Each structure stands twice: as structure tokens, then as C-alpha cells.
Amino acid sequence: MDVRVRFAPSPTGYLHVGGLRTALYNYLFAKKHGGKCILRIEDTDRTRFVENATENLIENLRWAGIEFDESLEKEGEFGPYIQSERFDLYTKYGKELLEKDLAYYAFDTSEELEAMRERLKQEGGSFKYDRNKMRNSITLGKEEAEKLIAAGEDYVIRMKVPEEGEVRFKDIIRGEVKVPCKDVDDQILLKSDGFPTYHLANVVDDHFMQISHVIRGEEWLPSTPKHVLLYQFFGWDTPDFAHLPLLLNEKKAKLSKRHGDVAVEDFRAKGYLRDAFVNFIALLGWNPTGDREIYSMQELIDLFDLSKVNKAGAVFDLKKLAWMNQQYLKELPTSEAVPVLKAELEKHEVTGLEDNYIAQVFELFKERVTFISEIPEMTSYLYTEPTEFDEKYMAKRWKEDTADMVKPLIEKLSQLEEFTHDSTHDLTKAHCEEADVKMGQLMHPLRLMLTGISSGAGMFDTMALIGKDRCIKRFETFLAKKESGEI
Ligand code: GLU
């Protein structure tokens, strides 16, 4: 069997992280099996139309490295299948079910439906459409129904779910699922405005697009019995299903917009690296080996196995995501980091630096941060001379005799021809041995004079980056301020 899968988002305005996981699993599954992965925009609900939503979806999917097959060529531009351009097809098949007596017209107003729900609630029964007591072509008869339509009355077309029996289907993740027909609602297929509902359009498209596996979120599981019945009504083969586990927040509640970020673009804006983010998303509900966390896209493809996806909800653990980002940041090629860091520095009004300098800053700090955007603030002394000195650090590390202790070392440093990590290190070490002081006793005063703060990269790396002349000048300025009592 040819593997053909689809990602079928509704254009809500943004790509939800759960949507990205669904898209990714479809993509991994297609690639693994040499199949095709199709993008289909399910925009049948025109009341929820959002401007540019499709473009936004495509842009974010592309960013994530997910590519689709069989895109419609539109003036040379990439374009997915769009349901609103295919309405005639759904109407045709909705009407076909009417002819086969597997669907019927219903004329109930929203008030009548509300009253029905209220009555069913009182009776403590189900909330299914009560087809034998409502105004439809079953209770009124076909002729009467046609008269009403001719008179211009609003109507919908509902599927006629069998009264007896059960619907069965195989879910690759959940095993066999059985639902009694009496629990399946007479779903509306065509709405009063003539537009199809998600259910009809989804089944018709999956059939004509020859989808072999429907891989989607668990929230669609309750809809699947209706879909399976529709396949049977049409006499079409049913695809295999796989319903992916829900995404949960750290409190084990469903991940929702009300409790923080859920849009892929929010995470991008925060500075998560693409590969780290995709790696993290891939492990929401599945781990290929169980003993490691870092996988390239190719490894994910090679190892992908739908039947190993968990049933239980997957926790969207922000701490793990941060950790993942650090792992990728450490390995990020410096050439890729430089433009990002440059842009971040510009936000702090630091401009005019050479790329080589920015590259060295990145090298020194990449293991100390989660995001590149954290670097500018913690490294301001690498761009401007420090004017403030951490009082606590100074009180702890600068004693009466410190100035006299550092002066001879500064003198020696000023004589160095080559001012590198190794040369400053070796000189300082030799000096300490000779003067019989511990390195630590001198390193903190050097750091204080040079940076004004207690934390940073290694002292010799920092000195080499700042350069001899600027270092010596800073030492001298600090000592002068100390002597004059300014600090
Ligand atoms: N349009 C549905 C959604 O927004 C698609 C569900 C499915 O894949 O069948 O998620």
C-alpha cells in the first residue's frame, strides 16, 4: 500500500505546538515509508476566517523544516489544497447520501434545537439529535420536506446513523475502538448556508486524496465513529487511524492559550533554535530509543514508529525545552550564531563590532546561556568600559594590600608582546609562584577591575578578547579611582 498522509489544519491564525507535533509525525511517517505528505487547509467554517492564517501556517511549517508533497502550483508559488475551493465536491457527495437514504433534511431552528437539548437534559439522556421527535424529512415525510424547501425554509442535511449495531475501527496507537451506534450523533453534513461541515469535507477529501493513514490529535477521536460510518455509507475503504496523545501543561491540564504560549511563533520569538524545538516537539509522546534525547531529523525519520507512540498525554515541559536549546546552542556553528548575536546586540545599541569579535563573544558564552539573547546584557563590559563596580564583590575581594599585590602583575602584563589566553595565563602563573601568592587571590581583583562584576567567562579568555591596551587602561583607571577614594 502506498503511504499517503496529510496535515489538515484549520486556519485559526497561528500554528499551535500540538499542530506542529501532528504535522511532524505525519511528515516523519511519510518519509520513513517513502510516502507522500500533503497539506490541506480545512477552512469550511467561514465564520472563523482569519486573514493571512494560511500564510502564517505555511511559514511556520517551513521554518520547522517540514516539507509537503503535491502542493498546488499557484503562479509558481507554493500552495496547499484548500477546502473552500472544493465546495462543489462536498455538496455532490452530501446529496448522494440523501439519494441513498443515508442522510436527511432537517429544518429545526436554533430555538427548537435548544428546547430539545433542554428536554434531553431533563430526561437525563444523551445529547444526540433526537431525530424521531424533530422537524425533518423523516418525521415530516419527503414530500412535505420538499415543499418546505421550495418555500425557502432553511435546512441542513444530517447523516442517518443506524439505530443498531456498533462502529469499529483500528487505531494504531489505541488498538481496536468500538462505539455503539446509539452513541453516535446524526452529524450535520451540509449546513444551512450550503457549506459542508468539517466531517463531510474531511472524509470526502481523505478518500479522493487517497489518504492511507489519518494521523491526528486525540481530540478528534470522538469524531472518528462518524467518519467511519461515512466511509461505509459511501462504500469507500477506511484509512488507518492514529490519534496522538494530548499535550499537557506542567500541571497535567490540557495545554491551552490561557496558560501561556502555545503558538510556534511565540517560541521562535523567544529565540528557541529551530532544531532544538523540533527535536523537543518530536519527543512529545514518543522516544525512539528511550536512552537519549538528541536526534537529528534524519534519525527521527529512520526511527519513527507510530505503534510506539504513547496513549497517555505528553507533558510540555519548558525546563526540558530550555535544556534542549542549550544542547543545540553549544553545537551551533559560530557562523550561524554571529548574525543572531549581532541583531541582539543592536537591540542593546551595541553596533560597529567586527564579526570576528562577535564570534569570540559567542564562543565564550554559548555554554552559559539558554538563549543568544541573554548574552548582550551579561557582557556589556566587552563593549564599553565598566563604570560601576559590584560593591559586594569589591568588599569581599579587594583588601588593603590588594593594590600592591596586583601592581607588579599588571606591570608584567603590560610588557607582554603577545596577549593571548595562554601567554597571560602562563605569565600570571609564573608570577604567582614567584611572589608566593595563590592565583585565586589575584584573579578576582583582575576580574573586578576589568569587568566590574563577579561572573563571566574565564579571566584569561576575557583578557585576551578585550586586548592588552584596553585591559591595562582599565586596571589603571580602577587603581586611580581607588587611590582617590572615588570607589
Ligand atoms: N481541521 C482539523 C484540525 O483543525 C483536522 C483534523 C483531522 O486531521 O482530521 O485539526
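Remarks
- The slack between Lys320 and Asp305, meaning 0.36 nm per residue of separation minus the straight C-alpha distance, is 3.1 nm.
- Cross-link reach list, lysines versus Lys142, counting only Cα pairs under 17 Å and skipping chain neighbours closer than eight places: Lys95, Lys100, Lys133, Lys160
- Loop-located GluC sites (Glu not before Pro) across the stretch 399-487 with a Cβ neighbour count of 12 or fewer within 10 Å are Glu400, Glu417, Glu418, Glu486, with loop assigned by DSSP.
- Sequence-distant residues sharing a close amide H with Ile173 (under 5 Å, placed H): His243
- Sites Ala403 and Lys128 - FRET efficiency at Förster radius 60 Å, r taken between beta-carbons, to 0.05: 0.10
- Zone residues, the stretch 266-303, relative to His348, backbone N less than 15 Å from point 7 Å out along Cα-to-Cβ: none
- Protection proxy ranking, peptides 103-109, 299-305, average beta carbon neighbours within 10 Å, highest first: 103-109, 299-305
- Rounded to 10°, Cα long-axis angle of helix 198-208 versus longest principal axis of the chain: 90
- In degrees, nearest ten, helix 110-123 long axis to first principal axis of the chain (Cα): 90
- Rounded to the nearest 500, the 222 nm mean residue ellipticity of the chain from helices alone is -14000 deg cm²/dmol, with -39,500 (n - 2.57) taken per DSSP H run of at least 4 residues.
- Each Cα pair under 8 Å and six or more residues apart adds its sequence gap; the mean of these over the residue count of the chain is a relative contact order of 12 percent.
- Among the trypsin sites (Lys or Arg not before Pro) in the stretch 302-351, those located in a DSSP loop and surrounded by at most 15 other Cβ atoms within 10 Å of their own Cβ are Lys311.
- Members of Lys147/Lys182; Lys254/Lys311; Lys36/Lys270; Lys396/Lys438 lying beyond 25 Å, as alpha-carbon distances in this model show: Lys147/Lys182; Lys36/Lys270
- The GluC sites (Glu not before Pro) found in the stretch 34-65 that occupy coil by DSSP, while having at most 14 further C-beta atoms within 10 Å, are Glu51.
- Solvent-accessible area per residue for the chain (1.4 angstrom probe, square angstrom): 50
- Computed from Cα atoms, the angle from the helix 334-347 axis to the main principal axis of the chain rounds to 90 degrees.
- For the stretch 46-152: relative contact order, % (alpha-carbon pairs under 8 angstrom, 6 or more apart): 15
- Each of Trp323, Trp286, Trp236 has its accessible area taken with a 1.4 Å probe; listed largest first, they run Trp323, Trp236, Trp286.
- Report note on the peptides 354-360, 243-249: ranked by the mean count of other C-beta atoms within 10 Å, highest first, their order is 243-249, 354-360.
- These residues, Met405, Met209, go from largest to smallest accessible area, 1.4 Å probe, as Met405, Met209.
- Extension gain for Lys182 to Glu114 (0.36 nm times residue separation, less C-alpha to C-alpha distance): 22.4 nm.
- Cross-link partners of Lys319 among aspartates and glutamates (Cα-Cα below 15 Å; sequence separation of 8 or more within a chain): Glu250, Asp261, Glu293
- Protein accessible area in the stretch 310-406, 1.4 Å probe - carbon and sulfur %: 49
The values are calculated or read from the model by the stated rules, or taken from the named source; none is laboratory data. The structure presented is a predicted model; accordingly, all values stated were derived computationally and were not measured. FYI the Cβ positions are ideal-geometry reconstructions off the backbone, even for glycines, and counts take in every protein chain you see. SASA here: full protein model, heavy atoms, side chains in, ligands and nucleic acids out. Shrake-Rupley method; radii C 1.70, N 1.55, O 1.52, S 1.80 Å.
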